[in-house]
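The values are calculated or read from the model by the stated rules, or taken from the named source; none is laboratory data. The structure presented is a predicted model; accordingly, all values stated were derived computationally and were not measured. Ideal geometry is used to build each Cβ from the backbone, glycine not excepted, and the neighbour counts take in all protein chains shown. Protein only, heavy atoms only, side chains kept; ligands, DNA and RNA dropped before computing areas. Shrake-Rupley method; radii C 1.70, N 1.55, O 1.52, S 1.80 Å.
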Amino acid sequence: ERRYTPANIIYYGIQPQQNHSKFNLLKLSIYYQQQHRCPPCRSFSPKLIEFYETCKEDIGCVFVSSDRDEKSFNEYFGKMPWHAMFPSYTSSENRNRQGRLSDMFKIQGIPSVVVLDAKTGNFVTDNARTEVMSAGSDVSLQKELVQSWLSKESVPIDQASFGSGSGGGSDNLIVRAIKYILTKPTYMLGIYVIVKKLLKYLEEMGGDGGIEDGKEL
């Protein structure tokens, strides 16, 4: 049975007329999902292109289009200097391939930028959009960002903590705990009741203090 991983799904999806052999020499690969008609995508793409041109010796980028027709895809992709997966509208196989990748990365909206280890397909970060924006046009900051990605310990996708920016660490445990609680209405209700009782208790304590220390009122 074929095992679907980010590495082979991206590889099999790259347009055949493009030279993808360079991916074997890269350190990082970037999964970039967006759509032609998405305003945030259109404003972010030029910044990612600028970032890519500065750091393309270390990174490769794969465009995953959410466009629904060839005209929109060609108009948008024609301005990009990187690779692309087959658009989902071209066949059910390509649509399923893109869907599997989106599920793996838990894509919630676009534009979405996920960084992987180019050799293993392991997860590095899904906070790349914010980080690229923060680096701006400063070449030194752009290069520092790539080095920070390279210094991170990549993890297999099934061990990644999405939505927190990186693959591991105590911060991710906290994020996961908060997300888990938010998905459990009974837990949220229990926390609400406890907080309400605590506030009432503090209010009563404050009231008693106010009576005893009337000089400060």
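Taking the stated definitions as given, is SER91 open to solvent by 20 Å² or more (accessible area, probe 1.4 Å), over 17 Å from VAL132 (Cβ atoms) and small (Gly, Ala, Ser)? Write out each step before concluding.
Working: open to solvent by 20 Å² or more (accessible area, probe 1.4 Å): yes; over 17 Å from VAL132 (Cβ atoms): yes; small (Gly, Ala, Ser): yes.
Here the answer is yes, as SER91 does meet what is asked.
Across the stretch 61-88, what is the number of residues that are assigned to a helix (DSSP H, G or I), open to solvent by 30 Å² or more (accessible area, probe 1.4 Å) and within 18 Å of ILE9 (Cβ to Cβ)?
Count: 0.
Taking the stated definitions as given, is SER161 without any contact (Cβ under 8 Å) to a residue 24 or more places away in the chain, among the small types (Gly, Ala, Ser) and within 19 Å of GLU57 (Cα to Cα)? Walk me through it before giving the result.
Working: without any contact (Cβ under 8 Å) to a residue 24 or more places away in the chain: yes; among the small types (Gly, Ala, Ser): yes; within 19 Å of GLU57 (Cα to Cα): no.
So SER161 fails the test.
Just checking: which of the helices (runs of 4 or more DSSP H) contained wholly in the stretch 100-203 hold 2 or more residues that are at pLDDT below 85?
Values: elements: 128-135, 139-151, 170-182.
The qualifying helices (runs of 4 or more DSSP H) are 170-182.
Please state which of the following conditions ASN96 fails to meet, knowing it meets all the rest: (1) open to solvent by 70 Å² or more (accessible area, probe 1.4 Å); (2) under 19 Å from CYS55 (Cβ atoms); (3) free of Cβ contacts under 8 Å to residues at least 60 places away in the same chain.
(2)
If you check ASP58 against the conditions, is it at pLDDT 85 or above, of a type in the set (Asp, Glu) and crowded, with 19+ Cβ neighbours inside 10 Å? If you could, list the steps in order and put the result at the bottom.
Numbers: at pLDDT 85 or above: yes; of a type in the set (Asp, Glu): yes; crowded, with 19+ Cβ neighbours inside 10 Å: no.
In short, no.
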